[in-house]
Amino acid sequence: EQEVSERELQEMSTEGTKYVNKEVKNSLKELKQIKTLMEHKNDERKSLLGNLEEARKKKEEALTDTKDAEMKLKASQEVCNETMMALWEECKPCLKQTCMKFYARVCRSGSGLVGRQLEEFLNQSSPFYLWINGDRIDSLLENDRQQNHVLDAMEDRFNRVSSIMDDLFQDSFFSREPLDTFHFSPFGSSPRRPSFFHSKSRLAR
Amino acid sequence: NIMPFPMFGPPNFPDMFQSFFDMIHQAQQAMDVQFHRPSFHFPELSAENNDSRSVCKEIRHNSTGCLKMKDQCAKCQEILSVDCSATNPAQNQLRQELNSSLQLAEKFTELYDELLQSYQQNMFNTSALLKQLDEQFSWVSQLANLTQNEDQYSLHVTTVASHSSDSSVPNGFTKVVLKLFDSDPITVTVPADVSRNNPKFMETVAEKALQEYRQHLRE
């Protein structure tokens with residue numbers, strides 16, 4: 001048997017509805033605040049991209065100069081060759097011993113194979129490679145490759161996210177300003193704001 | 001009655017919010033797959049900040065990691081200080097050019113690394129905002145998904161019982177069964193200190209019901 005009348009149930013539903021609507025509205029306000037924060041993050045990201053591009057250009061320029069100088073040096077690498085080869089014959093055993101000691105102490109796995117590989121590597125290498133800091137140049141080129149890969153991966157992720165967020169914040173009520181109570185403009189005619197994550201050109205595309 | 005948000009005009013609640021839940025989750029997946037894999041790390045730049053792990057890897061990979069130890073061998077150091085200018089003056093000039101451009105390249109590589117780390121931090125922050133978006137808003141979107149028709153009530157009380165009408169209700173407590181939009185029935189029990197005549201009664205009921213609903217969503 002119902003404890004309260006139908007009218008009372010309706011009054012309670014009306015009261016409860018007011019509370020739920022208030023909570024929904026609060027969530028919408030939160031949503032808008034998060035949207036603003038995401039826009040700031042995105043502005044920050046764009047400026048970082050600009051700085052990255054600038055640093056990349058300077059890095060590539062310095063790498064090109066390095067490789068040019070290396071090529072020119074290689075063209076006349078027989079100079080001082082005897083001196084270097086004599087030193088190299090004494091450098092190799094020390095290098096091998098130091099490296100294998102490090103490897104056994106720190107890397108702990110399979111130093112036998114690494115030892116043979118190192119022997120072969122040193123016999124195939126020339127002291128000239130050491131003299132021109134070839135190892136540092138190769139490290140930089142490897143870093144360069146990895147950095148490009150890392151940025152591409154991040155950019156790819158971000159572009160996916162931004163197109164989803166564009167849709168989320170563009171095609172829903174975010175693209176409309178709250179209407180004042182006197183004038184009612186149909187949603188379709190509200191001026192479409194530049195899209196969320198990209199400049200206007202994205203809209204043009 | 002603020003539904004459906006007169007300030008935003010007439011479209012109904014479900015149309016506005018139904019797709020949010022999926023979009024937010026899609027964005028989270030797009031963002032997070034990359035960053036939570038163990039392989040996502042940054043290239044180390046030079047020997048001094050290479051941790052042992054990467055040196056071991058380099059030694060295993062192609063032995064060049066061993067050349068980084070040339071500083072520990074006197075004869076190898078002597079190779080680096082061989083001066084060829086007597087036989088070929090241009091050599092030394094070229095070598096100086098190479099070393100200065102090499103240092104510049106290392107400097108900009110280091111700067112680039114730092115910028116990449118900042119960029120990744122920015123992505124993490126955006127990812128955290130997406131998570132916040134999800135926590136703050138998915139429940140609204142899910143409720144919109146439940147809404148089959150435009151009912152004027154977003155909270156619909158269907159039953160109210162106390163111990164006298166339902167012995168399973170503890171003495172002094174009030175049991176309220178309700179629906180949020182077209183959700184499954186939610187049962188809320190209100191303790192004696194908030195009686196049905198208390199103006200806060202329905203706020204307490206609605207608050208508990210929403211907590212229950214959001215908790216259920218998280219699970």
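Coordinate-derived values only; no laboratory data. All of these numbers come straight from a predicted model, not from anything done at the bench. Backbone-built Cβ (ideal geometry, glycine too); neighbour counts: all protein chains shown.
The figures follow:
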| item | result |
| --- | --- |
| Residue-averaged beta-carbon neighbours from other chains (10 angstrom radius) around B:126-132 | 5 |
| Amide H contacts of residue B:158 (H built 1.01 Å from N, under 5 Å, at least 5 apart or other chain) | B:177, B:178, B:179 |
| Violating pairs (Cα-Cα greater than 32 angstrom) within the set A:35/A:59; A:32/B:200; A:41/B:107; A:74/A:96; A:41/B:68 | A:35/A:59; A:41/B:68 |
| Average beta carbon contacts from partner chains per residue of B:88-94, 10 Å cutoff | 4 |
| Under 5 Å, built H, 5+ apart or other chain: amide partners of residue B:173 | B:163 |
| Local net charge near residue A:86, Cβ-Cβ under 14 Å (Lys/Arg +1, Asp/Glu -1) | -2 |
| Amide hydrogen neighbours beyond the local backbone of residue B:182, cut-off 5 Å, H modeled | B:147, B:148 |
| Against the rule of thumb 2.2 N^0.38 Å, how large the Cα Rg of region A:1-85 comes out | 2.96 |
| Kirkwood Rh (inverse of mean 1/r, distinct Cα pairs), region B:162-219, angstrom | 12.0 Å |
